[in-house]
1. Within the range A:6-21, can you find the residues that are open to solvent by 60 Å² or more (accessible area, probe 1.4 Å) and modelled with pLDDT of 85 or more?
2. Just wondering, is there one or more residues in the range B:23-30 that are within 13 Å of another protein chain (Cβ to nearest Cβ) and either buried (at least 20 other Cβ atoms within 10 Å of the Cβ) or among the charged types (D, E, K, R) (or both)?
3. Based on what the data block shows, is B:I55 without any contact (Cβ under 8 Å) to a residue 60 or more places away in the chain, among the β-branched types (V, I, T) and within 30 Å of B:S174 (Cβ to Cβ)?
4. Just checking: which of the helices (runs of 4 or more DSSP H) contained wholly in the range B:162-242 hold 1 or more residues that are of a type in the set (S, T, Y), crowded, with 17+ Cβ neighbours inside 10 Å and modelled with pLDDT of 95 or more?
5. For B:L113, are the conditions met, namely being within 14 Å of chain A (Cβ to nearest Cβ), touching a Gly at 6+ places or on another chain (Cβ under 9 Å) and farther than 23 Å from B:D18 by Cα?
6. Based on what the data block shows, is A:R38 assigned to a helix (DSSP H, G or I), surrounded by 12 or more Cβ atoms within 10 Å (Cβ to Cβ) and modelled with pLDDT under 90?
7. Got at least one residue in the range B:102-124 being over 20 Å from B:L50 (Cβ atoms), in contact with a Leu (Cβ under 6 Å, 6 or more places away or on another chain) and part of a helix (DSSP H, G or I)?
8. Name the single residue, out of those in the range B:34-50 being part of a loop (DSSP other than H, G, I, E, B) and not hydrophobic (A, V, I, L, M, F, W, C), that is farthest from the other protein chains (Cβ to nearest Cβ).
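The values are calculated or read from the model by the stated rules, or taken from the named source; none is laboratory data. On a predicted model such as this, the values are computed, not experimentally measured, just so you know. Note: ideal-geometry Cβ built from the backbone for every residue, glycine included; neighbour counts use all protein chains shown. Only protein heavy atoms, including side chains, enter the accessible area calculation; ligands, DNA and RNA are left aside. Shrake-Rupley method; radii C 1.70, N 1.55, O 1.52, S 1.80 Å.
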Amino acid sequence: MSFRDDHELHKRRFGRNMALFAVLAGFVVLIFGMTIVRVGEIGPGNESAQEASE
Amino acid sequence: MTDATSNLAQSGEAQFGDYIALLKPRVMSLVVFTAMAGLLVAPVHVHPLLAFASILFIAIGGGASGALNMWWDADIDRVMKRTRNRPIPSGRVTADEALAVGLALSGLSVMMLGLASNWLAAGLLAFTIFFYAVIYTMWLKRSTPQNIVIGGAAGAFPPMIGWAVATGGVSVESVLMFMLIFMWTPPHFWALALFMKSDYKDAGVPMLTVTHGRKATRAHILVYTVLLVPFALALGVTSIGGPVYMGTALLLNALFLKGAWDIWRRDEAQAEADGYATEKSVFKLSLAYLFLHFLALMVQNLVPGFGWELLA
(Lines give C-alpha, C1' and ligand atoms only; values in the text may rest on other atoms or scores of the structure.)
Protein backbone atom coordinates (compact mmCIF):
# COMPACT_ATOMS: atom_id res chain seq x y z
CA MET A 1 0.00 0.00 0.00
CA SER A 2 1.51 3.29 -1.02
CA PHE A 3 0.34 6.88 -0.83
CA ARG A 4 1.49 10.04 -2.54
CA ASP A 5 3.41 12.48 -0.33
CA ASP A 6 0.54 14.93 -0.16
CA HIS A 7 -2.01 12.29 0.80
CA GLU A 8 -4.43 13.31 3.55
CA LEU A 9 -2.95 10.58 5.77
CA HIS A 10 0.49 12.20 5.59
CA LYS A 11 -0.94 15.59 6.45
CA ARG A 12 -2.67 14.06 9.47
CA ARG A 13 0.51 12.31 10.59
CA PHE A 14 2.53 15.48 10.06
CA GLY A 15 0.15 17.45 12.26
CA ARG A 16 0.30 14.79 14.95
CA ASN A 17 4.09 14.61 14.83
CA MET A 18 4.47 18.38 15.00
CA ALA A 19 2.19 18.52 18.04
CA LEU A 20 4.20 15.75 19.70
CA PHE A 21 7.42 17.61 18.89
CA ALA A 22 6.02 20.77 20.50
CA VAL A 23 5.04 18.82 23.63
CA LEU A 24 8.47 17.18 23.91
CA ALA A 25 10.27 20.48 23.32
CA GLY A 26 8.14 22.10 26.00
CA PHE A 27 8.93 19.22 28.35
CA VAL A 28 12.67 19.66 27.79
CA VAL A 29 12.42 23.41 28.48
CA LEU A 30 10.39 22.73 31.63
CA ILE A 31 12.91 20.19 32.95
CA PHE A 32 15.73 22.64 32.25
CA GLY A 33 13.89 25.42 34.09
CA MET A 34 13.09 23.14 37.04
CA THR A 35 16.75 22.16 37.26
CA ILE A 36 17.88 25.80 37.32
CA VAL A 37 15.37 26.62 40.09
CA ARG A 38 16.24 23.53 42.14
CA VAL A 39 19.98 24.15 41.88
CA GLY A 40 19.38 27.83 42.70
CA GLU A 41 17.42 26.84 45.81
CA ILE A 42 20.38 24.83 47.13
CA GLY A 43 22.80 27.67 46.33
CA PRO A 44 26.60 27.59 46.11
CA GLY A 45 27.08 27.86 49.88
CA ASN A 46 24.48 25.30 50.91
CA GLU A 47 25.83 22.02 49.53
CA SER A 48 27.12 20.93 52.92
CA ALA A 49 23.79 21.73 54.58
CA GLN A 50 21.99 19.81 51.85
CA GLU A 51 24.30 16.82 52.32
CA ALA A 52 23.88 16.98 56.08
CA SER A 53 20.10 16.90 55.75
CA GLU A 54 20.31 13.78 53.54
CA MET B 1 -10.96 9.42 2.47
CA THR B 2 -10.50 6.07 0.71
CA ASP B 3 -11.42 2.72 2.22
CA ALA B 4 -7.76 2.02 2.86
CA THR B 5 -7.23 5.17 4.91
CA SER B 6 -10.56 4.69 6.58
CA ASN B 7 -9.31 1.33 7.84
CA LEU B 8 -6.10 2.94 9.03
CA ALA B 9 -8.11 5.52 10.91
CA GLN B 10 -9.90 2.70 12.67
CA SER B 11 -6.60 1.10 13.64
CA GLY B 12 -5.05 3.93 15.56
CA GLU B 13 -4.41 6.72 13.06
CA ALA B 14 -5.69 9.20 15.55
CA GLN B 15 -5.04 12.91 15.52
CA PHE B 16 -3.24 14.56 18.39
CA GLY B 17 -6.52 16.00 19.66
CA ASP B 18 -7.92 12.48 20.06
CA TYR B 19 -5.19 11.67 22.57
CA ILE B 20 -5.96 14.91 24.40
CA ALA B 21 -9.63 13.88 24.48
CA LEU B 22 -8.55 10.63 26.17
CA LEU B 23 -7.36 12.72 29.11
CA LYS B 24 -10.83 14.19 29.73
CA PRO B 25 -9.86 17.87 29.42
CA ARG B 26 -13.00 19.10 31.19
CA VAL B 27 -12.22 16.98 34.25
CA MET B 28 -8.60 18.14 34.01
CA SER B 29 -9.72 21.76 34.15
CA LEU B 30 -11.45 21.06 37.48
CA VAL B 31 -8.34 19.25 38.70
CA VAL B 32 -6.14 22.19 37.67
CA PHE B 33 -8.42 24.71 39.34
CA THR B 34 -8.78 22.90 42.68
CA ALA B 35 -5.13 21.83 42.84
CA MET B 36 -4.08 25.40 42.10
CA ALA B 37 -6.38 26.64 44.86
CA GLY B 38 -4.88 24.16 47.34
CA LEU B 39 -1.38 25.24 46.38
CA LEU B 40 -2.04 28.99 46.38
CA VAL B 41 -3.91 29.19 49.68
CA ALA B 42 -1.20 27.21 51.51
CA PRO B 43 0.92 29.37 53.83
CA VAL B 44 4.18 28.41 52.11
CA HIS B 45 5.62 30.16 49.07
CA VAL B 46 6.43 27.98 46.08
CA HIS B 47 8.61 29.17 43.18
CA PRO B 48 6.23 30.02 40.31
CA LEU B 49 7.92 27.64 37.87
CA LEU B 50 7.80 24.74 40.34
CA ALA B 51 4.17 25.61 41.12
CA PHE B 52 3.35 25.62 37.40
CA ALA B 53 5.17 22.33 36.85
CA SER B 54 3.46 20.74 39.86
CA ILE B 55 -0.02 21.76 38.70
CA LEU B 56 0.82 20.53 35.20
CA PHE B 57 1.90 17.09 36.48
CA ILE B 58 -1.14 16.83 38.77
CA ALA B 59 -3.30 17.60 35.71
CA ILE B 60 -1.44 15.00 33.62
CA GLY B 61 -1.92 12.45 36.41
CA GLY B 62 -5.64 13.24 36.43
CA GLY B 63 -5.70 12.92 32.65
CA ALA B 64 -3.87 9.58 32.83
CA SER B 65 -6.53 8.19 35.16
CA GLY B 66 -9.12 9.47 32.68
CA ALA B 67 -7.42 7.52 29.87
CA LEU B 68 -7.38 4.37 32.02
CA ASN B 69 -11.06 4.95 32.78
CA MET B 70 -11.85 5.21 29.05
CA TRP B 71 -9.83 2.07 28.34
CA TRP B 72 -11.76 0.02 30.92
CA ASP B 73 -15.17 1.55 30.23
CA ALA B 74 -15.08 1.44 26.42
CA ASP B 75 -17.90 -1.14 26.39
CA ILE B 76 -20.36 0.98 28.36
CA ASP B 77 -19.19 4.20 26.67
CA ARG B 78 -20.46 2.70 23.40
CA VAL B 79 -23.94 2.40 24.89
CA MET B 80 -24.31 5.80 26.50
CA LYS B 81 -25.33 8.73 24.32
CA ARG B 82 -23.15 11.11 26.31
CA THR B 83 -20.00 9.02 25.81
CA ARG B 84 -20.36 7.16 22.52
CA ASN B 85 -18.35 9.79 20.66
CA ARG B 86 -15.31 9.36 22.91
CA PRO B 87 -12.06 8.35 21.13
CA ILE B 88 -12.29 4.58 21.77
CA PRO B 89 -15.99 3.85 21.08
CA SER B 90 -15.84 6.06 17.98
CA GLY B 91 -12.84 4.06 16.72
CA ARG B 92 -10.36 6.93 16.57
CA VAL B 93 -8.08 5.44 19.23
CA THR B 94 -7.63 1.77 20.04
CA ALA B 95 -8.16 0.45 23.56
CA ASP B 96 -4.52 -0.70 23.73
CA GLU B 97 -3.32 2.78 22.87
CA ALA B 98 -5.48 4.28 25.60
CA LEU B 99 -4.03 1.79 28.10
CA ALA B 100 -0.49 2.63 27.02
CA VAL B 101 -1.11 6.38 27.22
CA GLY B 102 -2.75 5.99 30.64
CA LEU B 103 0.03 3.89 32.13
CA ALA B 104 2.86 5.94 30.64
CA LEU B 105 1.42 9.27 31.76
CA SER B 106 0.64 7.86 35.23
CA GLY B 107 4.26 6.92 35.79
CA LEU B 108 5.58 10.13 34.25
CA SER B 109 3.29 12.43 36.23
CA VAL B 110 4.02 10.80 39.60
CA MET B 111 7.79 10.76 39.11
CA MET B 112 7.89 14.32 37.78
CA LEU B 113 5.67 15.65 40.58
CA GLY B 114 8.03 14.02 43.08
CA LEU B 115 10.98 15.79 41.46
CA ALA B 116 9.17 19.12 41.09
CA SER B 117 7.83 19.21 44.65
CA ASN B 118 8.02 16.36 47.17
CA TRP B 119 7.28 12.67 47.44
CA LEU B 120 4.25 13.04 49.71
CA ALA B 121 2.51 15.01 46.95
CA ALA B 122 3.67 12.41 44.41
CA GLY B 123 2.41 9.58 46.63
CA LEU B 124 -0.99 11.26 46.98
CA LEU B 125 -1.16 11.63 43.18
CA ALA B 126 -0.25 7.96 42.70
CA PHE B 127 -2.95 6.95 45.18
CA THR B 128 -5.48 9.20 43.40
CA ILE B 129 -4.75 7.56 40.04
CA PHE B 130 -5.00 4.10 41.61
CA PHE B 131 -8.21 5.03 43.41
CA TYR B 132 -9.92 6.39 40.29
CA ALA B 133 -8.71 3.74 37.84
CA VAL B 134 -8.91 0.64 40.02
CA ILE B 135 -11.16 1.25 43.05
CA TYR B 136 -13.74 3.39 41.24
CA THR B 137 -13.60 2.41 37.55
CA MET B 138 -12.80 -1.30 37.77
CA TRP B 139 -14.55 -2.14 41.00
CA LEU B 140 -17.18 0.20 42.44
CA LYS B 141 -18.69 1.80 39.35
CA ARG B 142 -20.36 -1.39 38.17
CA SER B 143 -20.93 -3.07 41.51
CA THR B 144 -22.60 -0.63 43.88
CA PRO B 145 -25.00 2.31 43.72
CA GLN B 146 -22.67 4.04 46.17
CA ASN B 147 -20.13 4.23 43.30
CA ILE B 148 -20.48 8.00 43.10
CA VAL B 149 -19.93 8.48 46.83
CA ILE B 150 -16.69 6.55 47.12
CA GLY B 151 -15.49 7.37 43.61
CA GLY B 152 -15.88 11.04 44.44
CA ALA B 153 -12.82 10.75 46.65
CA ALA B 154 -10.63 10.60 43.55
CA GLY B 155 -11.86 14.01 42.45
CA ALA B 156 -11.41 15.35 45.97
CA PHE B 157 -7.67 14.75 46.20
CA PRO B 158 -6.30 17.53 43.90
CA PRO B 159 -6.54 20.42 46.44
CA MET B 160 -4.96 18.16 49.04
CA ILE B 161 -2.13 17.39 46.60
CA GLY B 162 -1.74 21.10 45.82
CA TRP B 163 -1.50 21.82 49.55
CA ALA B 164 1.06 19.04 49.96
CA VAL B 165 3.14 20.50 47.10
CA ALA B 166 3.49 23.73 49.09
CA THR B 167 3.65 22.50 52.67
CA GLY B 168 4.97 18.95 52.30
CA GLY B 169 2.20 17.75 54.62
CA VAL B 170 -1.48 17.16 55.26
CA SER B 171 -3.44 19.39 57.64
CA VAL B 172 -6.98 20.13 58.74
CA GLU B 173 -7.31 22.73 55.97
CA SER B 174 -6.42 20.27 53.22
CA VAL B 175 -8.64 17.57 54.74
CA LEU B 176 -11.57 20.01 54.78
CA MET B 177 -10.93 20.97 51.14
CA PHE B 178 -10.97 17.24 50.37
CA MET B 179 -14.25 16.80 52.28
CA LEU B 180 -15.82 19.76 50.50
CA ILE B 181 -15.41 18.06 47.10
CA PHE B 182 -16.04 14.57 48.48
CA MET B 183 -19.43 15.50 49.98
CA TRP B 184 -20.34 17.72 47.04
CA THR B 185 -19.89 14.97 44.44
CA PRO B 186 -22.94 12.79 45.26
CA PRO B 187 -25.63 15.51 45.09
CA HIS B 188 -23.93 16.92 41.98
CA PHE B 189 -23.97 13.63 40.08
CA TRP B 190 -27.31 12.40 41.37
CA ALA B 191 -28.95 15.64 40.22
CA LEU B 192 -27.47 14.87 36.78
CA ALA B 193 -28.64 11.25 36.98
CA LEU B 194 -32.21 12.37 37.65
CA PHE B 195 -32.50 14.05 34.26
CA MET B 196 -30.12 11.75 32.34
CA LYS B 197 -31.83 8.58 33.55
CA SER B 198 -31.97 6.51 30.37
CA ASP B 199 -28.21 6.68 29.76
CA TYR B 200 -27.13 4.99 32.96
CA LYS B 201 -29.99 2.49 32.77
CA ASP B 202 -29.07 1.45 29.23
CA ALA B 203 -25.42 0.99 30.21
CA GLY B 204 -26.31 -1.14 33.21
CA VAL B 205 -24.41 1.11 35.61
CA PRO B 206 -26.01 0.72 39.05
CA MET B 207 -26.79 4.36 39.62
CA LEU B 208 -28.91 5.05 42.66
CA THR B 209 -31.77 6.13 40.38
CA VAL B 210 -31.79 2.65 38.81
CA THR B 211 -31.27 0.49 41.90
CA HIS B 212 -33.19 2.36 44.59
CA GLY B 213 -35.52 4.52 42.56
CA ARG B 214 -35.80 8.19 42.01
CA LYS B 215 -37.58 9.00 45.26
CA ALA B 216 -34.68 7.52 47.25
CA THR B 217 -32.23 9.46 45.06
CA ARG B 218 -34.00 12.70 45.88
CA ALA B 219 -33.73 11.90 49.59
CA HIS B 220 -30.03 11.05 49.20
CA ILE B 221 -29.38 14.40 47.50
CA LEU B 222 -30.91 16.21 50.47
CA VAL B 223 -29.04 14.13 53.07
CA TYR B 224 -25.65 14.56 51.40
CA THR B 225 -26.23 18.29 50.94
CA VAL B 226 -27.06 18.63 54.66
CA LEU B 227 -23.87 16.68 55.48
CA LEU B 228 -21.85 18.86 53.09
CA VAL B 229 -22.72 22.16 54.77
CA PRO B 230 -20.70 21.74 58.01
CA PHE B 231 -17.53 20.91 56.07
CA ALA B 232 -17.96 23.92 53.79
CA LEU B 233 -18.52 26.25 56.75
CA ALA B 234 -15.76 24.69 58.88
CA LEU B 235 -13.21 25.73 56.26
CA GLY B 236 -14.16 29.31 57.05
CA VAL B 237 -12.83 29.12 60.62
CA THR B 238 -9.49 27.54 59.73
CA SER B 239 -6.31 29.49 59.04
CA ILE B 240 -7.28 29.89 55.36
CA GLY B 241 -10.83 31.07 56.09
CA GLY B 242 -12.11 34.59 56.59
CA PRO B 243 -15.08 36.86 56.00
CA VAL B 244 -14.94 36.68 52.19
CA TYR B 245 -14.96 32.89 52.20
CA MET B 246 -17.48 32.65 55.02
CA GLY B 247 -19.89 35.08 53.38
CA THR B 248 -19.65 33.21 50.07
CA ALA B 249 -20.07 29.84 51.78
CA LEU B 250 -23.12 30.95 53.77
CA LEU B 251 -24.87 32.20 50.63
CA LEU B 252 -23.96 29.22 48.44
CA ASN B 253 -24.85 26.65 51.08
CA ALA B 254 -28.21 28.32 51.71
CA LEU B 255 -28.94 28.19 47.96
CA PHE B 256 -27.74 24.60 47.60
CA LEU B 257 -29.78 23.48 50.61
CA LYS B 258 -32.86 25.20 49.18
CA GLY B 259 -32.25 23.43 45.84
CA ALA B 260 -31.81 20.04 47.50
CA TRP B 261 -34.96 20.65 49.55
CA ASP B 262 -36.89 21.52 46.38
CA ILE B 263 -35.65 18.35 44.66
CA TRP B 264 -36.69 16.26 47.66
CA ARG B 265 -40.19 17.74 47.74
CA ARG B 266 -40.88 17.06 44.08
CA ASP B 267 -42.16 13.82 42.59
CA GLU B 268 -41.59 12.44 39.13
CA ALA B 269 -44.86 13.78 37.74
CA GLN B 270 -43.92 17.33 38.71
CA ALA B 271 -40.39 16.89 37.37
CA GLU B 272 -41.53 15.51 34.02
CA ALA B 273 -44.14 18.24 33.72
CA ASP B 274 -41.52 21.00 33.73
CA GLY B 275 -38.72 19.03 32.03
CA TYR B 276 -36.71 18.51 35.24
CA ALA B 277 -36.21 22.26 35.56
CA THR B 278 -35.36 22.15 39.28
CA GLU B 279 -32.97 19.24 38.91
CA LYS B 280 -31.20 20.96 36.02
CA SER B 281 -30.93 24.26 37.89
CA VAL B 282 -29.54 22.51 40.99
CA PHE B 283 -27.00 20.72 38.80
CA LYS B 284 -25.89 24.07 37.37
CA LEU B 285 -25.86 25.58 40.84
CA SER B 286 -23.66 22.71 42.06
CA LEU B 287 -21.06 23.60 39.42
CA ALA B 288 -21.06 27.24 40.54
CA TYR B 289 -21.05 26.12 44.18
CA LEU B 290 -17.71 24.36 43.94
CA PHE B 291 -16.10 26.92 41.66
CA LEU B 292 -17.09 29.86 43.87
CA HIS B 293 -16.01 28.17 47.11
CA PHE B 294 -12.47 27.71 45.80
CA LEU B 295 -12.47 31.12 44.14
CA ALA B 296 -13.48 32.70 47.46
CA LEU B 297 -10.69 30.79 49.21
CA MET B 298 -8.17 32.17 46.74
CA VAL B 299 -9.47 35.74 47.02
CA GLN B 300 -9.45 35.38 50.79
CA ASN B 301 -5.82 34.36 50.88
CA LEU B 302 -4.30 36.19 47.93
CA VAL B 303 -5.90 39.62 48.18
CA PRO B 304 -4.57 41.55 51.18
CA GLY B 305 -6.94 43.22 53.61
CA PHE B 306 -9.73 40.62 53.46
CA GLY B 307 -9.01 39.00 56.86
CA TRP B 308 -11.25 38.99 59.90
CA GLU B 309 -9.94 42.47 60.79
CA LEU B 310 -12.18 43.63 57.94
CA LEU B 311 -15.12 43.22 60.31
CA ALA B 312 -13.45 44.88 63.29
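1. Selection gives A:F14, A:N17, A:M18, A:L20, A:F21.
2. Yes: one or more hits.
3. The answer is no for B:I55.
4. B:172-195, B:213-234
5. Answer is yes for this residue.
6. The answer is no for A:R38.
7. So far as the range B:102-124 goes, yes, one or more of its residues are over 20 Å from B:L50 (Cβ atoms), in contact with a Leu (Cβ under 6 Å, 6 or more places away or on another chain) and part of a helix (DSSP H, G or I).
8. B:P43
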